[in-house]
Every structure is written in C-alpha cells, then in structure tokens.
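Shown next, in structure tokens, is the structure this report addresses.
Every number here is computed from the coordinates shown, using simple stated rules; none is lab data. Remember, it's a predicted structure, so these values are computed and weren't measured experimentally. Cβ atoms come from the backbone with ideal geometry, glycine included; neighbour counts cover every protein chain shown.
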Amino acid sequence: MPADWDIWAVSDWVTKPGEWRNEVMEEGPEELSTGSRKRERKKRRQARETGFKCSALLCSEPRPRCCRWYHIVAMVVYAVLILNKAGGLIFQRDFNPGLQKLTSNDYLILAGTFHGVHAITSQISPTNETGASGLEVLESENFVMRCFQTLTGTKFLVFAEPRQPNLDVVVRRVYELYSDYVMKNPFYQIEMPIRSEGFERHLSAYIKPHQ
Amino acid sequence: MVVFSFFIFDRHCECIYLRQWLDATTPSPAQPLSRPVTASSAATNTTSAVEKPPAGNKLSMAEQAKLVFGVIFSLRNMVKKLCGPDDSFLCYRTGQYKLHYYETITSLRFVMLTDIRTENLKSSLHQIYVNLYVEYVVKNPLSPVEHPGGEGVNNEMFELGIDSFVRTIP
C-alpha cells in the first residue's frame, strides 16, 4: 500500500443503488467468466440486502451512519511533536507505547537535529523545481513519521505505525486543533512551550477513540 | 521510475562511489548524458567535473554527497534513539524526491535518490551489495581492502553492472 494511499477514493465506489446496478451488475467486465460473474453478483446482492457497508478498512458501519472521521479506524499514533520555527520543542505527547521513552533533554536534542536535517533535505533536492520542500515522510522498520511544516515554519510531527494511511489527514487535524486551542488562546506566548489543557484534551479526544 | 543519483559510503564515513544520472527533462548542454561523473573519474581530472556543478543543480556532487551523508547519519541515529538499536531507517520522502537507505553489518551505506512514486528500494540496494559490490569489488584481487577516494570501486564491471541494474528497477 503506498504511503499516501487515499482512503476516500476507495470509499467512492459505494454509490446509489441505481448507479450500482446499471454500471456494475448488468454490464460487468467482459473478461469475467460466468462463474465469477455469478459469484460477484451474489456478493453484491448480499451487500444490498444487508445494507450498503462503508468500504473503508475495518469499518463495518452501514453507510449512512458512517461519518467521515470514522474512516480513520484502527489507527495507532505513537506520538505527536510540535517544533517552533527555531527548532525548539514546544509540545511532546506520547499516545501509545511503541517508541522508546526518552528524557526531555533527549527530545530537545531530537527536535533540534530534525530541524537541521529538514533544512538540508530541501537543499539536496536533485530536481530543478524552486521552493523545494523538506522532509515529509520518514519510514523505518517500526514506525512512520509524517512532518507538516506550516507557512510560518512551525513543524508538526506525527509518529505512527508503519503503513498507516491518512497520516496527512491526522497531521492537518492536529494543526487545526493547534490553531483553535493554542493560537487563539490569549495567554499563550508565541514560540513558547504549549501548556494548554484544552488543546491536550481535544488532541487526545481526537487520537484516542480511533484505535 | 527515475533514479537521480546513487552513493556508497564506507565505514570511515567517506563517499567511495557516487554516480548521477542526469534527468532527461533537465536541460544539460554541457554534459553528454551518456557520460556519468563518478568520484573516481572526478579525482583524475579535478578541475572539470567536481568544481563545476552539473547543469541545474545548486550544489556540486562532492558537496551533495557530504550533505547526504550528514542527513542519513542524523536520521539513522534519530531512528535508533526513538525505536531502539534494532530498528533501521529505510527511506524518507520530500515533495521532490525520495531517498532510500540500506546499511550492511560492516557499516557500508548504500543510498539512492529517486522520484517520489518509487516503492521502497531496500531489497534493490541489498541486491546491488550482494550481486555487484561483493562480486566485482570485494572479490576483485586487485582491489584494496579500504577504498580511500573511491579506489577499487571504480572498475568497469561494477559501473556497467550498476548501470544495467538501475535500468531494470521497475
């Protein structure tokens, strides 16, 4: 499965009953043998009788009740880090075991290192395009990390299980929560560590139920 | 799939082989496409190949190799710190390119830069190590044990092998 596999595209094939019958049931691909076409029809009939299922991975809700965010099920996010534009760590939170426990000093070193590496990765771009972006997805044997840099230079890092789809959705949602509960907080000093109860609460409410 | 460049770093953190395939889309009037610049050939005529950056590239290849090494070294340490010593860094992707990494037990590091749609190339890099590096460099009786400045890696068989192998990567 590619890293930026789009789950929305897959769920699109469940359409209205009429369209389904016209396009798939009756015409059917020519190269299918009668046996496999019968089996296909049987599967579709069963699906119609039991109600349309959402086709997203591991989601067994009938289509009307399946909300957009419900698609992100069985997701394991290990940690979320936020770096300010100078490479300082302003937020770190573990959600699931999977990464090693580090001291706060180690996290600071890690954030600083990553900030430098991010700058260099945009330098060594072999293509001619201007405005090269830095590192976006980092993969290792045991985790995948998605980095999102805002226009102002703040970086959001989300660590998750390998082959986790939709991490870009997750990281953008974390950004939304950050803008709502951190940037709109009148007591927050910019570029300083985030100590906002509302942000933490909403972040864990977003990440926890999808596991 | 487009392969932009390929690097080998030895255990002394030195780039012992580097090779760049110029992208057909970049205008390159000065350099013929069929003649790649390697570290070894650059060492023999230092002025022309190393100091003049290839068309369209901001950095010379030697500088780029140093930066690539810095990046993979830091990321590798970062991954080992986060996930324990048995985890290994595989690849990263930016908006423009993807970097694949493979490290042998002897700390020989193979790095390949490709376009972003390529799947993970760890097995391909492992094949380069087993089928090309070991066959043509390690088993070559004339090749030294260490390869300062790329000495011994720049033999014809290895280069031809790399070239044909890269063309077969899907």
With each pseudo-label sitting 7 Å past Cα toward Cβ, what's the B:N155-A:R163 distance in nm, one decimal? 4.0
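Out of all DSSP beta bridges in region A:77-211, what portion is antiparallel? Express it as a percent rounded to 5. If you can, show how the numbers build up before the last one.
Details: 20 of 21 bridges.
That works out to approximately 95 percent antiparallel.
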Among rounded, prolate and oblate, which fits region A:65-187 when a ≥ b ≥ c are the square roots of the eigenvalues of its C-alpha gyration tensor, a/c under 1.5 means rounded, and a/b larger than b/c means prolate? rounded
What is the distance in Å between the Cα centres of region A:86-110 and region A:140-159? 13
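On full extension of the chain, what length is gained from B:Q127 through B:R11, given 0.36 nm per residue of separation minus the C-alpha to C-alpha distance? Before the final figure, lay out the partial values.
Working: separation 116, 0.36 × 116 = 41.76 nm, distance 1.92 nm.
Here the segment from B:Q127 to B:R11 would lengthen by 39.8 nm.
I need A:M192, A:M75 ordered by Cβ neighbour count within 10 Å, fewest first. Each step should come with its number before you reach the end.
Details: A:M192 10, A:M75 21.
The order, fewest Cβ neighbours first, is A:M192, A:M75.
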